[in-house]
Amino acid sequence: MSAPATVTRLSISGMHCAGCVTSVERSLKAVPGVDTATVNLAERTATVTGVAGEQSLIGAIARAGYQGVVLRADGDAVQEAAEAAHYRALWRKTFFAAAVGLPLFVADPLGWLPMLPDPGGQAFWLAVGALTFFVLVYSGGHFFVGAWKAFRAHNANMDTLIALGTGAAWVYSMLVVALPTIVPSLAQHAYFESAAIIIALINLGQALEVRARGKTSQAIRRLIGLQPRTARVVRDGREVDVPIEQVGLDETVRVRPGEKIPVDGVVIDGHSSVDVSMLTGEPIPVEKQVGDEVVGGTLNKSGTFLFRATRIGAETALARIIDMVRRAQSTKPAIGRLADTISSVFVPTVLIIAALTFLAWYNLGPEPRGAYVLVTVMTVLIIACPCALGLATPISIMVGVGKAAEYGILIRNGDALQQAGRLTAVVLDKTGTVTAGRPVVTTLVPAAGMSEIRLLQFAASLEAGSEHPLAQALVDAAKERGIVLSPVSAFDAVTGRGVRGMVEGTAALFGNARFMNEQGVDLQDLPARAAALAAKAQTPMYLAVDGRAAGIVAVADPVKPDSKAAIARLRALGLKVVMITGDNRATADAVARQVGVDAVYADVLPGDKAAQVQALQTRGEIVGMVGDGINDAPALAQADVGYAIGTGTDVAIESADVALMRGSLHGVADAIAISRATLGNIKQNLFGAFIYNILGIPVAAGVLYPFFGVLLNPVIAGAAMALSSVTVVSNANRLRFLRAGDSRA
């Protein structure tokens, strides 16, 4: 029997660009036993599924030229601490490189520095060269180490370009200083300041990127922060505080006012109101009493209660939500995979362009050719670093998925995020999605000589022994009105018709019109009243006592209070809204009129819902399906994006691409709005990254020089490259301030 597949998360150091991502993913996927491997440049992590051992995965990362560490339960805290240390180190390296390079950069144009032929000039510049060498070792050493590892792994990445550019500048400068006669006098110029400042600027850019990138993970950190560290359990009749990891299944846990609920469970004593807003986005506390479920991470507001732990550790709802958000943030939509494919050949292409630039300037350029060759080649290598390209997609995905989680929307993968932004039609299941899914008594129409209370008492007493879905609605309505049910004898349920029995010694019938007609009951003018109720999406049922019509009890599944407003939002987003139901046409049309959908499919069998979704797809629609029941699962899977409403079943949620923690259709509108904003943000980032390289590389190679005499300074190229990454990350972080709409019911 083969071992079950597991999910392993690893932290990876040394990655800077999309080329790094491609190298690590390729190496991980080559490991026997690996099913999938996804690397997230924004997080510097890899998520691997399969049966491969941890050491095999770490070895594969090492063979690609990087260092990997398996993230354990406290991996997020460990990685956060490592990122903080890395951030401080980058600033130290930036300051050292800037301290050496900036004085040279300012003083050289002003003529404050000695020339090579001047007395002591050569010694001065040799000392500057030695100091710059320390800059390359201390401030830029990680680039050279990364380039060497990539070379050994037969790869080329951002480190390769930086190491070649700054290394060539230092070597050329040292040759000019040590052996000035080997180049013409016009070419006797050292570029130590360029190498130092480029290293400083790139480190500065990475430091700013690390800081901005940290903000993208706020959603995960907020969710993790919901988990209390301890729980108060009842053991041997005493209440003791224990670490949350030590809470066992079926243990009794005490929660006091103001405390977070540690794990999932069921209330067994006491009652309280619980703030569930951090998980679902609902601002109104929910009342909890004996028998109700409570979710770990939610906040107990007022009362104290005891509950029995039913899910602990990784099985709690909060832990599963954190895992779902983390996995979604690590996935790539199709547009991201395209960017990775382009990036995988980008660095080799840049090296070829650099070689062609060298040949062009060496053979066709003006004197001093050596200086022009160095400046143009170094500028091409520096400006072409594809950091921004590699960050464009994952950074937006991380922020978008995190923003959705704040609204109680759990997006399972990046493809769902991309597809949701392109939807043209949304199909809504009626029961439990547009409506509450819980029938209630809506209208009582007593006949002459019968009161509303007696009408409901007879009907509820008869239905108390029935298993019909509407029976509970009658019993609940009687309880709400304080009506005491009467005992029933000789009870009989007639399938598809109704029920009969003796109530208080009187023969009573309760059911549909067909049942009454078969029993010879004269309904008088009640059918007209029943038709009017049916037109309002209410289901009328007749009561007969001693063979005479006694009245109508109408039951309906009420439309959710916010369904109409939510559907209006969907239509405002340019979506065609379709409702699908197994109910009859009259009821379906009545609900449709209330909520304002574009089209209605009624009398649809559970197995045919997926076929209706497919029919829309064949007509060219990109379809989102919203449902909550087991019979919705095939349709959710068939749709381009499936949305499982939060009050639904686990089967529906597992079949869906997006899980909505709330029972409101506003969640669908919010999800689509966030998806569109995220997709737009990705396109902005990719456009900016591509345009930056497409325009920057030719200018760096010197195409403007023959026409305008303009060459790009390598220092300016380094600043532009560093700022391009910061710009992409900052643009993605704009999503954190997105307001998806008035999503509160």
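The values are calculated or read from the model by the stated rules, or taken from the named source; none is laboratory data. Model, not experiment: these values are computed from the prediction. We place every Cβ from the backbone using ideal geometry, glycine too, and count neighbours over all the protein chains shown. Accessible surface is based on the protein model in full, side chains and every heavy atom, while ligands, DNA and RNA are left aside. Shrake-Rupley method; radii C 1.70, N 1.55, O 1.52, S 1.80 Å.
For Trp170, tell me the accessible area in Å² from a 1.4 Å probe, rounded to the nearest 10. So the heavy atoms of Trp170 present about 50 Å² to solvent.
Its alpha carbons considered, segment 491-543 gives a radius of gyration followed by a Dmax of 11.8, 36 Å.
Principal-axis analysis of the Cα atoms of the chain puts helix 192-216 at an angle of about 10° to the longest axis.
Note that the chain presents 43 Å² accessible area per residue, ligands and nucleic acids not counted, probe 1.4 Å. Dividing the C-alpha radius of gyration of segment 378-524 by 2.2 N^0.38 Å, with N its residue count, gives 2.01. Here Glu54 and Arg514 are evaluated by their C-beta separation; at R0 = 56 Å the FRET efficiency comes out at 0.25. Rg and Dmax, both from the Cα atoms of segment 56-202 and both in Å, are 19.0, 64. Taking Cα pairs under 8 Å and at least six residues apart, what relative contact order does the chain come out at, in percent? So the answer I get is 13 percent. Taking only the Cα atoms of the chain, the radius of gyration and Dmax are 34.8, 126 Å. Counting only protein heavy atoms and using a 1.4 Å probe, the accessible area of Arg412 comes to about 70 Å².
Each residue of segment 124-139 was assigned a 3J(HN,Hα) from its phi angle through the Karplus expression (A = 6.51, B = -1.76, C = 1.60, θ = phi - 60°), giving 4, 6, 5, 5, 4, x, 5, 5, 5, 4, 5, 4, 4, 6, 7, 7 Hz with x at Gly and Pro.
Of the trypsin sites (Lys or Arg not before Pro) in segment 8-104, the ones in a loop by DSSP (not H, G, I, E or B) with at most 16 other beta carbons within 10 Å are Arg72. Coupling constants for segment 564-580 follow from the phi torsions by the Karplus curve (6.51 cos²θ - 1.76 cosθ + 1.60, θ = phi - 60°), and in residue order they are 4, 5, 5, 5, 4, 5, 4, 5, 5, 7, x, 9, 7, 10, 10, 9, 10 Hz; glycine and proline get x. At most 11 other Cβ atoms within 10 Å and a DSSP loop assignment: could you name the GluC sites (Glu not before Pro) in segment 444-506 that fit? Those that pass, being in a loop and sparsely packed, are Glu467. For segment 107-149, chymotrypsin sites (Phe, Trp or Tyr not before Pro) are listed when DSSP marks them as loop and at most 13 other Cβ atoms sit within 10 Å of their Cβ; the list is Trp112. Model label points for Phe707 and Leu179, set 7 angstrom from Cα along the Cα-to-Cβ axis, are 4.0 nm apart. Estimated at 0.36 nm per residue, the fully extended path between Glu239 and Ile352 surpasses their Cα-Cα distance by 33.6 nm.
Placing a label point 7 Å from the Cα of Ile453 along the Cα-to-Cβ line, the residues of segment 482-511 whose backbone N sits under 15 Å from it are 482-486.
Between Val345 and Ile691, the contour length at 0.36 nm per residue exceeds the Cα-Cα span by 122.9 nm.
For the chain, a simple Cβ point-charge model (Lys and Arg +1, Asp and Glu -1, everything else neutral) yields a dipole of about 1400 debye relative to the Cα centre. For segment 553-628, the alpha-carbon coordinates run over 44, 30, 20 Å along the three principal axes, in decreasing order. Extension gain, Gln122 to Arg593: 0.36 nm times the residue separation minus the Cα-Cα distance gives 160.6 nm. Kirkwood radius and radius of gyration were both taken over the C-alpha atoms of segment 49-128, and their ratio Rg/Rh is 1.33.
For Thr230, the residues 5 or more places off, or on other chains, whose built amide H falls under 5 Å of its own are Ile244.
On a 0 to 90 degree scale, rounded to 10, what angle separates helix 75-107 from the longest Cα axis of the chain? Tilt of helix 75-107: around 30 degrees. Evaluating 6.51 cos²θ - 1.76 cosθ + 1.60 at θ = phi - 60° for every residue in segment 364-377, the Karplus couplings come out as 10, x, x, 7, x, 4, x, 5, 5, 4, 4, 4, 5, 5 Hz, glycine and proline recorded as x. Computed from Cα positions, the angle between helix 18-29 and the longest principal axis of the chain comes to roughly 60 degrees. The residue among Gln594, Ser486, Ala319 whose Cα reaches farthest toward the positive pole of the charge dipole of the chain, with charges on the beta-carbon of Lys, Arg, Asp and Glu, is Ala319. Residues Leu102, Leu201 ordered from highest to lowest accessible area at a 1.4 Å probe: Leu102, Leu201. Diffusion of segment 319-398 by Stokes-Einstein, at 20 °C in a medium of 1.002 mPa s and with Rh set to the Kirkwood radius over alpha-carbon pairs, works out to 141 µm²/s.
The alpha-carbon positions of segment 683-729 define a convex hull whose volume is 62 Å³ per residue. FRET efficiency for Asp323 and Asn584, Cβ-Cβ distance as r, R0 = 56 Å, nearest 0.05? With a Förster radius of 56 Å, E is 0.85. Distances between placed amide hydrogens fall under 5 Å for Ser486 paired with Ser461, all partners being 5 or more residues away or on another chain. Separation of the alpha carbons by more than 19 angstrom is noted, of Lys479/Lys536; Lys536/Lys564; Lys403/Lys560; Lys576/Lys609; Lys260/Lys288; Lys430/Lys479, for Lys479/Lys536; Lys403/Lys560; Lys430/Lys479. Here the calculated FRET efficiency for Gln524 and Arg308, from their Cβ-Cβ distance with R0 = 60 Å, stands at 0.65, rounded to the nearest 0.05.
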